[in-house]
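The values are calculated or read from the model by the stated rules, or taken from the named source; none is laboratory data. Computed from a prediction, not measured in an experiment: that's the story for all the values here. Here the Cβ positions follow ideal geometry from the backbone for every residue, glycine too, while neighbour counts run over all protein chains shown. Side chains included, ligands, DNA and RNA excluded: accessible areas come from the protein's heavy atoms. Shrake-Rupley method; radii C 1.70, N 1.55, O 1.52, S 1.80 Å.
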Amino acid sequence: MCGIVGYAGSRDASDVLLNALSGLEYRGYDSSGISIFTQNGIDTVKSKGRLQELASRLKSHPLPGRCGIGHTRWATHGEPNDLNAHPHFTKKLSLVHNGIIENYQTLKNQLLSQGYQFESQTDTEVAAKLIDSLYSGDPIDTIRQAQALLEGSYAFAILFADHPD
Ligand code: GLU
């Protein structure tokens, strides 16, 4: 089972998210990652393996900011590796996902025909790009539209680049 967490507040989001994810380690996972709103927009660090790997990557690539999302992955679609680790992101958003998108292949084919490209084997990247394709500037409205198209069992935490708060 994966772990999924989001934070917006006055503390360093990276610290809060790492702490929260370590509290979820008992659920089991194969990779982890976080996205944070930094001064330069959303930035992401992720890694296969233990949270220790993520923490050491964050030492050489710190993500200063006060709002972010984090994930520990239990792979269902695609092997455990850096590319398949969450968050999955586009220019507009970054997303972490707990669960399975059952109709991901149908949606992926539709998105491919719209010109989207995919770098991972996950069902999650399909959800991220579906929401990107529907994005109207209103996150809640867009997520409702996506919900009508997504089949399966899922929880998301999402950052929208144009909603840094
Ligand atoms: N189905 C997604 C994946 O394989 C999410 C798995 C999870 O809940 O960690 O990446």
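In region 44-79, how many residues are open to solvent by 50 Å² or more (accessible area, probe 1.4 Å) and within 16 Å of the chain's Cα centre (by Cα)?
3
Test Tyr7 against the stated conditions and say whether it is at pLDDT below 95 and either open to solvent by less than 10 Å² (accessible area, probe 1.4 Å) or not in a loop (DSSP other than H, G, I, E, B) (or both).
Answer is no for this residue.
Just one of the numbered conditions (1) within 14 Å of the chain's Cα centre (by Cα); (2) open to solvent by 50 Å² or more (accessible area, probe 1.4 Å); (3) within 16 Å of the ligand (Cβ to nearest atom) is not true of Ala128; which one?
Just one mismatch for Ala128, condition (2).
If you go through region 83-111, how many residues are within 11 Å of the ligand (Cβ to nearest atom), surrounded by fewer than 18 Cβ atoms within 10 Å (Cβ to Cβ) and over 21 Å from Gly70 (Cβ atoms)?
Here the count works out to 1.
Confirm whether Gly33 is at pLDDT 95 or above, touching a strand residue (DSSP E or B) at 6+ places or on another chain (Cβ under 8 Å), open to solvent by less than 80 Å² (accessible area, probe 1.4 Å) and closer than 25 Å to Pro164 by Cβ.
Taking the combined requirement at face value, the residue satisfies it.
Which pairs do you get when a residue that is within 6 Å of the ligand (Cβ to nearest atom), found in region 67-78, comes within reach of a residue that is modelled with pLDDT under 95 and in a loop (DSSP other than H, G, I, E, B), reach meaning Cβ atoms under 7 angstrom, with the pair 6+ apart or on two chains?
From residues that are within 6 Å of the ligand (Cβ to nearest atom), the pairs are Arg73/Cys2; Trp74/Met1; Trp74/Cys2; Trp74/Gly28.
Could you list all residues from region 35-57 that are part of a helix (DSSP H, G or I) and either more than 21 Å from His97 (Cα to Cα) or free of Cβ contacts under 8 Å to residues at least 24 places away in the same chain (or both)?
Gln52, Glu53, Ser56, Arg57
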